[in-house]
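The numbers here are math on the coordinates, done by the rules we state, and not lab data. What you see is a predicted model, and the numbers here were worked out from it, not measured in a lab. Using ideal geometry, Cβ is built from the backbone for each residue, glycine included, and neighbour counts are taken over all protein chains shown.
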Amino acid sequence: MIFLHSSFRTSSTYIWSRFRKIQNCVTYYEIFHETLASTSQQQIASAKASSWDSKHPPGAPYFLEYLPLIREQGGIAGFDPSLSYERFIPPSGPSGPVSEAESAYVRTLVEHAEQRGRIPILTDTRTLGRVAGLKAAAPGLHAILYRNLFRQWCSYTEQSTCGNPYFLDTITKIAELSRHDPVIRDLLRVFPVERPSATDMNTFYLFIFLHVHLYAHATAAADLVIDVDRLSGDAPYRAEIEETFDGQNIRVDFSNACPSTAYSLVTFPCRADMREQIQIISDAIIGKMPSERGRTFTAQAVADLMDEYERHEFYSKRLRSVLFSMQRDKDEAVAAAEEARRQGADLQSEHDRAGTERDSAADLQAECDRSGRAKDEALAAVESMRRQLADLQSERDRFGTEKDEALSAAREASHEAETLRSERDAAVRDRTSIESRHRRLDQDFASLAALRDQLTGERDAARAATQEAARERQRVESRYDALLHWSLAFHDSTAASASWRLTRPLRWVGIGRPKRPPKPDFL
């Protein structure tokens, strides 16, 4: 069994894709990924490198190996959501044992591969805090994939500025759920982070010192440490790593490994103070580590971090203001789009209220119609009473003794008729008032429709501004790449020119003088 441990954005997907092509292996991707708690067969088919700005090599869907392990109700058999972050560091610390739930789940994956006669290869970016415990629970070759911490921070920054804050959020998520670790608890007190940001110094410091703490313990427990940055430019080192896996009956080729560097947006009032702070706190964390191997590796990782930071500042410092400007433009466009969406929601709410009032007006109209029918019935009754009155008057002579009663009945009927006529007039006035109110509602509805069209136009303008900002960012990135390549070529030509001047015979005959690279068009 082979277990590959790494941190986020450490080119672990490239390593995973190399092993995945080996036919005698079953290579599991991100065995503690939180989506495994509820994933389905349809979701597995859609999770691939092309579905987001991953910079991963093309290939089949990420979690394809888990397909036989998916339950009918969804999720991977034996996986519990707490395995992702809540158990990132064991209760007794990074060197302590893992829980039975973690051990059972890992055994399930290992047995599934071995039953098929394959070598199980487990990979994950959520295991740096429990390498020792996993090694005790699942013996085999445990390898740490290491990437320069500043390059990793730059990758976090790039993802965040492209609208994906997931990796920055994992910094505080891991730290908050690992407060039982004294070192992490102290780091949260010294570097509190309310909301992770690529421009926040505390977020940067928490990222650095969290990984210093984790690497100190992880490398002490691991059997092998693979520097993914060296795989691309150090052929002997690459051959050494490939031979190590060849000894495990696994032939893997890392010849197409290539480095990747993004950019950092965090700034410091004083770079010397920043360097001193990183060195002092790193030394304090490393000094608590009993393993000489862990101390040596982590100290070198801190030195590599500072060297990479200095190179980044030398080549990219002046471009940071451009990136900040682009980020502000993007934030303003997003805010404008959000405002347009909010106004659209208000317009829809207003439209719904107008519909409700219109329905109420319709109910009032129905009530008016019922009153009209009752009035007609009353009028018919009055007409019937009038006919009865005429009959009584025609029989007045014959019924002389009942004359007074008939006259009283007639007066009463006349009074009731007058009352009904008053009610009819009141009903007519109510209907007129309802019709007037209905006309006002129609006018209000027309005004709301005009406002909706206006807000739709503003929303479309905001979207166009957002797209323009994205195109401008792409143009600046291409200029940055051209400027970086030109700077490196200029530096190389300068070195070659110095060597040429030192070669006196060549200077005398004027042969082999190095040429300066042409400047980019925009300079």
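First check a/c for the range 178-300, with a ≥ b ≥ c the square roots of the eigenvalues of its C-alpha gyration tensor; if it is under 1.5, answer rounded, and if not, answer prolate when a/b is larger than b/c or oblate otherwise.
The shape class here is prolate.
A 26 angstrom limit on the alpha carbon distance is what I want to check against. Which of LYS48/LYS135; LYS55/LYS173; LYS21/LYS173 exceed it?
Check vs 26 Å cut-off fails for LYS48/LYS135; LYS21/LYS173.
Can you compute the helix-only [θ] at 222 nm over the chain? Use -39500 (n - 2.57) per DSSP H run of at least 4 residues, normalise by all residues, nearest 500 deg cm²/dmol.
Result for the chain: -22000 deg cm²/dmol, rounded to the nearest 500.
In nm, what is the difference between 0.36 nm times the number of residues separating ARG396 and GLU310 and their Cα-Cα distance?
Between ARG396 and GLU310, full extension yields an extra 18.6 nm.
Would you work out if the range 136-244 is rounded, prolate or oblate? Take a ≥ b ≥ c from the square roots of the eigenvalues of the alpha-carbon gyration tensor; rounded if a/c is under 1.5, else prolate when a/b is larger than b/c, oblate otherwise.
Judged from the Cα gyration tensor, the range 136-244 comes out oblate (a/c at least 1.5, b/c at or above a/b).
Would you be so kind as to identify all helices of the chain, as entire DSSP H runs, whose Cα atoms reach 27 Å or more along the helix's own axis and whose mean Kyte-Doolittle hydropathy is at least -0.5?
What comes out of the filter, once short or polar helices are dropped, is 201-221.
Once all Cα-Cα distances of the range 46-153 are split into 5 Å bins that start at 0, what whole-number percent is in each one?
Bin by bin from 0 Å, the calculated values are 2, 10, 16, 20, 21, 18, 10, 2, 0.
Set the Förster radius R0 to 41 Å, insert the Cβ-Cβ distance between GLU111 and ASP481 as r into 1/(1 + (r/R0)^6), and round the FRET efficiency to 0.05.
0.30
List every residue whose amide H lies under 5 Å from the amide H of ILE144, counting only residues 5 or more places away in sequence or on a different chain, with H placed 1.01 Å from N in the peptide plane.
Result for ILE144 returns HIS5, LEU224, VAL225, ILE226.
Evaluate the relative contact order of the range 110-255 (contact order divided by residue number), counting alpha-carbon pairs under 8 angstrom at least 6 apart; express in whole percent.
Normalised by residue count, the contact order of the range 110-255 is 29 percent.
Cα atoms only: what Rg and Dmax, in Å, come out for the chain?
Answer for the chain, Rg first and Dmax second: 39.7, 158 Å.
log10 I(q)/I(0), Debye, Cα-only the range 256-296, no solvent, q = 0.29 Å⁻¹?
-0.92
Which value results when the Cα radius of gyration for the range 132-193 is divided by 2.2 N^0.38 Å?
1.42
Tell me the relative contact order for the chain as a rounded percent, counting alpha carbon contacts under 8 Å between residues six or more apart.
Answer for the chain is 13 percent.
Using mean Cβ contacts within 10 Å as the protection proxy, how do 305-311, 264-270 order, highest first?
Ranked from most to least packed, the peptides come out as 305-311, 264-270.
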